[in-house]
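These notes are about the structure you will find just below.
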Amino acid sequence: MKSVNEQAVQPQVKQHFSWFQFFGSFFTLSILAALPGILYGNNWHLVLTPLLGWYLLYWALVAAGFSAFTAWQKYRAFDKPLKALSDAAEQVANGNFDVYLQPVHAPQNYDYLDAMFANFNIMVAELGSTETLRSDFVANVSHEFKRPLANIQGYAQALQQSGLDRKTQQLYLTTISDSVAHLATLVTNIIKLNKLQTQVTAPDYQKFDLSAQLTRCLLDDANAIDAKQLHLTIDLPDSLPIISNPQLLEIVWHNLIGNAIKFAPPRGHLSILAKADDTTLRVHIHDDGQGIDENTQAHIFDKFYQGDTSHASAGNGLGLAIVAQVIRLLNAKISVQSNPHQGTTFTVSLPQSEN
């Protein structure tokens, strides 16, 4: 399948009505039709009278030949490619996204029909990619729902058994509660991701202090940091004004800080550094966990992708996909630097506006 990131194709050669071709064709037909008269101009009445039928037949053959040539040109230039386009559109309507229309001319000589074919191919590739993403999304959502629902069903049935001690009952109820919370988080993230993906209007921007926002996000996760007894390093300016969308950026910080806490080892290190230059403001969030291999880094922002299966129960693979969507909406950039057993650093680069 062709890349879905291609831009629309513009025709390089404009086809338009040519008076020169029209009068040239008309003149040629007139010459052919009058050819007997030209050849026998001096004695046309002696030739034409006995051979009138043959002359009319000759004229009819010339007209038929010219009409056939015109019809063939029309079929070759318009009817055939439009029929191919119609057939291809019908196949796409029936769910076949592997259709490809071959343009007639080389790219530098594209006319309107060639450009139409090329843009049709781009459209079909986009539709095919969207259909694949939709199918994968449905499959992944079904899988993510299946696990907690199975836990709820299994432990609910177990609770119906007699003879369970109080401690076992409490364990089962805790597992059910955790599964319900996992489902609630999954639904919330799916709705959030869908809203971000379908947002077409630019987010509202306002001026706020990024240092204060990062500090608040850390305080929100203070209990989780204390529970793992993490060593926290913070390097933030006293004030870091920025013009952006604070609600969307808060989603980014909560996800990245939450991941850093989750993957850092007990009594490990978590650091947050922010600095700015004339054009860009950068935030670095680092943990000293197991790190991320290159294969995982290539897919880390994909929906439902979880590189570390040992933490699968703690998430649903949507957090970084949501982060990537927010970064796209804010015209920002995000990168990850990591090696196995050497920790991970996420860097968010935000464009600096006039403050």
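Observations on the structure shown:
- Condition check for residue 208 on (1) in a helix (DSSP H, G or I); (2) under 26 Å from residue 326 (Cα atoms); (3) at pLDDT 85 or above; (4) of a type outside the set (Val, Ile, Thr): one failure, at (1).
- Considering (1) assigned by TED's automatic domain parsing to the domain that holds residue 319; (2) in a helix (DSSP H, G or I); (3) surrounded by 11 or more Cβ atoms within 10 Å (Cβ to Cβ), the lone condition that residue 223 does not fulfil carries the number (3).
- Given (1) closer than 30 Å to residue 233 by Cβ; (2) at pLDDT 85 or above, number of the condition residue 185 does not satisfy: (2)
- Members of segment 89-138 found to be exposed (fewer than 15 other Cβ atoms within 10 Å of the Cβ), modelled with pLDDT of 80 or more and in a loop (DSSP other than H, G, I, E, B), listed by number: 94, 95, 96, 98, 100, 102
- Taking each residue of segment 201-221 that is farther than 17 Å from residue 242 by Cα and looking for partners that are modelled with pLDDT of 90 or more and outside any helix (DSSP H, G or I) with beta-carbon atoms closer than 8 Å, six or more apart or interchain, yields 218/232; 218/234; 218/272.
Each row is one residue, and each column tells you yes or no for (1) closer than 17 Å to residue 217 by Cβ; (2) without any contact (Cβ under 8 Å) to a residue 24 or more places away in the chain; (3) touching a Lys or Arg at 6+ places or on another chain (Cβ under 8 Å).
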position	(1), (2), (3)
231	no, no, yes
249	yes, no, no
255	yes, no, no
267	no, no, yes
272	yes, no, no
277	no, no, no
280	no, no, no
285	yes, no, no
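- Condition met for residue 102 (among the polar types (S, T, N, Q), out of contact with any strand residue (DSSP E or B) (no Cβ under 7 Å at 6 or more places or on another chain) and without any contact (Cβ under 8 Å) to a residue 12 or more places away in the chain): no
- Subset of segment 286-328 (residues that are farther than 30 Å from residue 179 by Cβ and modelled with pLDDT of 85 or more): 286, 288, 327, 328
The values are calculated or read from the model by the stated rules, or taken from the named source; none is laboratory data. Just so it is clear, the model here is predicted, and its values are computed rather than measured. So basically every Cβ, Gly included, is an ideal-geometry build from the backbone, and we count neighbours across all protein chains shown.
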